[in-house]
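Novice: Attaching a single structure in structure tokens format; questions to follow.
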Amino acid sequence: MATDNSSLQLEKIIDSADDFLPLLGTDYVELYVGNAKQAAHYYQSAWGFQPLAYAGLETGVKDRVSYVLQQDKIRLVLTSPLEKDGPVNEHINKHGDGVKVVALWVDDATKAYQETTSRGGESYMEPVTQEDEHGKVVMSGIHTYGETVHIFVERGEYNGPFLPGYKEWNPEFRPSSVGLKFIDHMVGNVGWNEMNKWCEFYAKVMGFAQLISFDDNDISTEYTALMSKVMSNGNGRIKFPINEPADGRKKSQIEEYIDFYNGAGVQHIAVATDNIIETVTQLKKRGVEFLYVPDNYYDTVLDRVGEIDEDLAPLQELGILIDRDDEGYLLQLFTKPVLDRPTMFFEIIQRKGAQSFGKGNFKALFEAIEREQESRGTL
Ligand code: FE2
């Protein structure tokens, strides 16, 4: 969804990607949660998402309820079961609340299905056409890591609020947006020695190319380590870093995630803003909790990253981290886990030219995460 000239530069980097699967952007992210109604309230009140659509008993759906929220190009679907057994219940029982679907917007969901399943992608949903008075949508899907799936959404002939079966959701309660624009990247945590397998999956089945890799020399502290590779689709709109744990003296944050999630899954959703100071100020005011780095981080940060447009004082006050690469710099900040289990969290990111992921902040950040793990007794 980023259509500035930085994504043009990215296109050059990944000219080796065979784009048999053109992706227009992230269509939506669906979480299976224990109480969709209350989760929706949280994403409205704390995160500034706007009510968009609803499906449930009132729309003829008997087994589940879904609330759809939107902030600029980011769409979240929150789904809870209405019956005692079924796939949503099983997912929640095993994983706690978490991301089930990373839906990708395509021109042709039937072709997306054929291209990916013929390259070894495991089918989750054969192409189906759904229609209502607003037009038609074609959807298909494949499995990815853990129990997470990708659904391809073809919506060129649809002008309803979200998807067929959903009605407009129009409550009076509408806290303002906090300025989130689009999903910058979504990170998956996978098990020991599985990173390369899943990077190959994205390369072979979905035509992605590898942008960057980090090994345990880049990403380690005194105690814990992880490895990471960033996979991107051909036009650079979709970026999926994949993490696996690496050996350290104590349990890494990735292992903690895998233990509590009972397997691989989405670790964080990075959401972009074009004014991180304003966005984070709003989020904090509304109760979103962030990791903090020690104040001494700011003593030397400008020596590392050079000149930046922002004053350092508000960045320090809010705990916003800074990193630089060859193309520019970025500002970023990570929340604490937003669920009961120490699993998924969000990253707030503002790119000022940089196309990387904040490698220079990893050490300070992981030490902050370890302080949290320590308090949970899971380090
Ligand atoms: Fe990230």
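Novice: Any residue in the range 323-339 that is at positive phi sitting within a Cβ distance under 8 Å of a residue that is charged (D, E, K, R) and more than 15 Å from the ligand (Cβ to nearest atom)? List the pairs, counting only those 6 or more apart or interchain.
Specialist: G328/K352
Novice: Here's something else I'd like to know. I'm checking my understanding of the structure. Among residues of the range 339-359 that are surrounded by fewer than 20 Cβ atoms within 10 Å (Cβ to Cβ) and more than 13 Å from the ligand (Cβ to nearest atom), which one is nearest to M227 (Cα to Cα)? Break it down into steps so the answer makes sense when it comes.
Specialist: Our first condition is that a residue be surrounded by fewer than 20 Cβ atoms within 10 Å (Cβ to Cβ); within the range 339-359, this holds for 339-341, 352-353, 356, 359.
Now drop any that are not more than 13 Å from the ligand (Cβ to nearest atom), which leaves 339-341, 352-353.
Details: L339: 24, D340: 26, R341: 22, K352: 26, G353: 25 Å.
By that ranking, first place goes to R341.
Novice: Six or more apart or on different chains, Cβ atoms under 7 Å: show the pairs whose first residue is in the range 261-276 and under 13 Å from V99 (Cβ atoms) and whose second is among the aromatic types (F, W, Y) and within 11 Å of the ligand (Cβ to nearest atom).
Specialist: From residues that are under 13 Å from V99 (Cβ atoms), the pairs are H268/F345; H268/F346; I269/F346.
Novice: Looking at the range 223-238, which of the residues that are assigned to a loop (DSSP other than H, G, I, E, B) and over 19 Å from the mean Cα position of the chain (by Cα) is farthest from the ligand (Cβ to nearest atom)? Steps first, please.
Specialist: Just the residues of the range 223-238 that are assigned to a loop (DSSP other than H, G, I, E, B), to begin with: 223-224, 233-238.
Of the ones still in play, those that are also over 19 Å from the mean Cα position of the chain (by Cα) are 223-224.
On the way: Y223: 21, T224: 17 Å.
Applying the filter and picking the extreme gives Y223.
Novice: Which of the residues belonging to the range 57-85 are crowded, with 22+ Cβ neighbours inside 10 Å and either among the small types (G, A, S) or touching an Asp or Glu at 6+ places or on another chain (Cβ under 7 Å) (or both)?
Specialist: Within the range 57-85, S66, V77, T79, S80 meet the criteria.
Novice: Right, L163: within 16 Å of the ligand (Cβ to nearest atom) and buried (at least 20 other Cβ atoms within 10 Å of the Cβ) or not? Talk me through it step by step, then tell me what you get.
Specialist: Working: within 16 Å of the ligand (Cβ to nearest atom): no; buried (at least 20 other Cβ atoms within 10 Å of the Cβ): yes.
Answer is no for this residue.
Novice: Checking Y257 against (1) surrounded by 23 or more Cβ atoms within 10 Å (Cβ to Cβ); (2) aromatic (F, W, Y); (3) more than 16 Å from the ligand (Cβ to nearest atom), which test does it fail?
Specialist: (3) is the only condition that Y257 fails.
Novice: How do the helices (runs of 4 or more DSSP H) wholly within the range 239-334 filter down when requiring 1 or more residues that are closer than 30 Å to G207 by Cβ and either assigned by TED's automatic domain parsing to the domain that holds W198 or basic (K, R) (or both): which remain? So that I can check it myself, show each step before the final result.
Specialist: Working: elements: 253-261, 276-285, 297-305, 312-318.
Per the criteria, 253-261.
The values are calculated or read from the model by the stated rules, or taken from the named source; none is laboratory data. It should be emphasised that the depicted structure is a prediction, and the values quoted were computed from it without experimental measurement. For neighbour counting, all protein chains shown are included, and Cβ atoms are generated from backbone atoms with ideal geometry for every residue, glycine included.
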